[in-house]
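Below is one structure; the comments refer to it alone.
The values are calculated or read from the model by the stated rules, or taken from the named source; none is laboratory data. Since we're looking at a predicted model, the values are computed, not measured. Note that we place each Cβ from the backbone using ideal geometry, even for glycine, and neighbour counts take in every protein chain shown. Each accessible area value is taken on the protein alone, full model and side chains, heavy atoms only, with ligands, DNA and RNA left out. Shrake-Rupley method; radii C 1.70, N 1.55, O 1.52, S 1.80 Å.
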Amino acid sequence: SALASQAKEAGPTPVSCSRTSGAGGNVGLFRVKRNFSNILDQLEQDRLHRLYAKVPQWACVEGISVPGNLALEQCSSSAAAIYKASLAPGGVIADLTSGLGVDVWAFAKIPDAKVYYNDIRPELCRAAADNFRLLGLDNVEISNLGAEERLSTLGRVDMIFADPARRSESGRKLFRLEDCSPDITALMPSIWEHTDLLMVKLSPMADISLVSARLEGLAEVHVTGTSTECKELLCILRKGWNSGYSVSAAVLDRESAQTVNLVRKDGLRVPLSGEPAEGDVLLEPVPVLSKTGMYPEICETFGLRQLDPSVHLFSIADDGKDHKPADRFFRKFRIKEIAGFGRQAFREIGKRYPVADVSARNLPLKSEELKMKMGVTGSGDTHIFGVGVQSRRLLLVTERVF
């Protein structure tokens with residue numbers, strides 16, 4: 001059963017043993033007591049908690065099936081799936097690598113859409129059929145084929161979606177497009193025979209510039225995630241497109257998505273803020289915004305200046321305009337104290353702020369090394385930035401601004 005398989009995945013379970021005497025007391029027998037019912041109930045509860053955290057709309061439906069931990073680990077969150085659906089055209093959508101089917105569920109909720117679910121694993125196809133019925137979806141057609149084979153049987157569709165597997169058979173993480181399964185770059189000629197629009201989900205670790213060089217027709221890149229973590233890289237490709245690509249960053253939560261679109265401008269330079277001063281507010285972009293790498297465009301869009309081209313901390317531009325950067329795209333800090341860089345400064349700052357977060361920026365040492373040099377432990381509202389700014393090295397002691 002699926003639960004038994006999951007118990008096997010969970011590894012050895014602690015057991016209780018009692019020793020009994022054999023005939024004459026010469027033979028010792030160990031009686032192993034395993035309460036498989038309790039084990040399976042605990043696994044079910046753990047899985048339900050993880051499902052609720054990721055796809056709460058499914059977790060509240062009785063009878064939803066999740067065959068194994070890996071499918072749940074690899075599936076999209078409902079927030080990410082709904083964001084993908086907001087980018088889709090509707091009509092007929094084919095998902096070549098559907099997995100647990102959360103993205104299919106979101107696509108199927110588009111008015112008048114028809115969605116093709118496909119996965120090579122039969123247990124996931126069976127679970128998807130049951131789950132979609134429980135979720136009230138009657139516009140999904142399921143197939144159990146490899147991505148290449150499904151593509152060969154596909155008619156004309158409005159969009160194809162693919163989420164290539166990013167782990168090798170041994171479990172090693174894969175980042176190159178050519179190493180993932182299926183290899184989207186190899187399938188591109190066939191894909192364009194069936195659609196004019198392709199959406200591909202990639203690892204958040206993928207390099208956007210390298211991806212743009214490998215994917216023909218790249219028109220849009222969407223970097224999605226939470227306020228603390230980059231989760232997905234979505235690439236939208238159009239047949240025959242050769243006019244460059246836009247980049248968007250989206251911070252998602254269960255209820256909404258906040259998006260900023262960045263327009264690439266050749267020759268645009270980062271405006272510098274000059275040396276920081278006590279009382280200044282520093283802005284640190286959240287991971288999805290940093291992932292874009294478009295710092296000149298970030299400055300222009302939000303009205304910011306950067307401490308240094310190699311230090312991705314910003315201050316609000318003093319140009320007479322009322323700039324209010326969107327809260328969800330930045331963490332805000334106010335500078336309490338500025339110190340030099342060296343043993344004495346490390347010692348003094350460490351004594352005054354023994355509990356703090358520490359970050360090293362544009363310095364020849366890592367954040368943990370700097371933290372150790374100051375003797376600082378733990379974390380809290382105080383954040384010490386060690387920065388290399390315009391040929392100087394400084395310690396900026398800041399406090400979070402909420």
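If you go through segment 257-270 one residue at a time, do you hit one that is within 24 Å of ILE160 (Cβ to Cβ) and touching a residue at least 40 places away in the same chain (Cβ under 8 Å)? Yes, there is a match, as at least one residue in segment 257-270 is within 24 Å of ILE160 (Cβ to Cβ) and touching a residue at least 40 places away in the same chain (Cβ under 8 Å). Hey, among the residues in segment 140-166 that are of a type in the set (A, V, I, L, M) and part of a loop (DSSP other than H, G, I, E, B), which one's farthest from the chain's Cα centre (by Cα)? Filtering first and then ranking leaves LEU154. Taking the listed residues SER203, SER290, the one that is out of contact with any helix residue (DSSP H, G or I) (no Cβ under 6 Å at 6 or more places or on another chain) and more than 22 Å from PRO164 (Cβ to Cβ) is SER290, with no other qualifying. When segment 373-402 is limited to residues that are hydroxyl-bearing (Ser, Thr, Tyr) and in a strand (DSSP E or B), the one that is surrounded by the most Cβ atoms within 10 Å (Cβ to Cβ) turns out to be THR398.
The condition (being polar (S, T, N, Q), touching a strand residue (DSSP E or B) at 6+ places or on another chain (Cβ under 6 Å), closer than 20 Å to ALA250 by Cβ and in a helix (DSSP H, G or I)) is satisfied by just one residue among SER212, SER227: SER212. The set of residues in segment 258-282 being of a type in the set (D, E, K, R) and under 20 Å from ASP327 (Cβ atoms) consists of ASP280 alone. Where helices (runs of 4 or more DSSP H) sit wholly within segment 56-117, those with at least 3 residues that are without any contact (Cβ under 8 Å) to a residue 60 or more places away in the chain and in contact with a strand residue (DSSP E or B) (Cβ under 9 Å, 6 or more places away or on another chain) occupy 102-108. If you filter segment 127-161 down to residues that are touching a residue at least 24 places away in the same chain (Cβ under 8 Å) and basic (Lys, Arg), you find that the one that is surrounded by the most Cβ atoms within 10 Å (Cβ to Cβ) is ARG150. Among residues that are acidic (Asp, Glu), closer than 30 Å to LYS54 by Cβ and without any contact (Cβ under 8 Å) to a residue 60 or more places away in the chain, GLU232 is not included.
Sub-6 Å Cβ pairs linking a first residue in segment 297-317 that is closer than 11 Å to SER273 by Cβ to a second residue that is of a type in the set (Asp, Glu) and part of a strand (DSSP E or B), at least 6 apart or interchain, are LEU313/GLU284, ordered by first then second residue. For segment 343-352, which positions are of a type outside the set (D, E, K, R) and open to solvent by 80 Å² or more (accessible area, probe 1.4 Å)? Answer for segment 343-352, where residues must be of a type outside the set (D, E, K, R) and open to solvent by 80 Å² or more (accessible area, probe 1.4 Å): just GLN344. Looking at PRO287, is it modelled with pLDDT of 95 or more, closer than 30 Å to THR398 by Cα and surrounded by fewer than 20 Cβ atoms within 10 Å (Cβ to Cβ)? In short, yes. Scanning segment 258-275 for residues that are open to solvent by less than 20 Å² (accessible area, probe 1.4 Å) and either under 22 Å from GLY388 (Cβ atoms) or more than 19 Å from the chain's Cα centre (by Cα) (or both) returns a single hit, LEU262.
Of the residues making up segment 243-257, those that are over 13 Å from VAL223 (Cβ atoms) and either open to solvent by less than 70 Å² (accessible area, probe 1.4 Å) or of a type in the set (D, E, K, R) (or both) are GLY244, ASP253, ARG254, GLU255, SER256. Filter segment 46-69 down to residues that are under 16 Å from the mean Cα position of the chain (by Cα) and among the aliphatic types (A, V, I, L, M) and give me whichever is surrounded by the fewest Cβ atoms within 10 Å (Cβ to Cβ). Here the residue is ALA53.
Of all residues in segment 353-372, those that are charged (D, E, K, R) and surrounded by 15 or more Cβ atoms within 10 Å (Cβ to Cβ) total 3.
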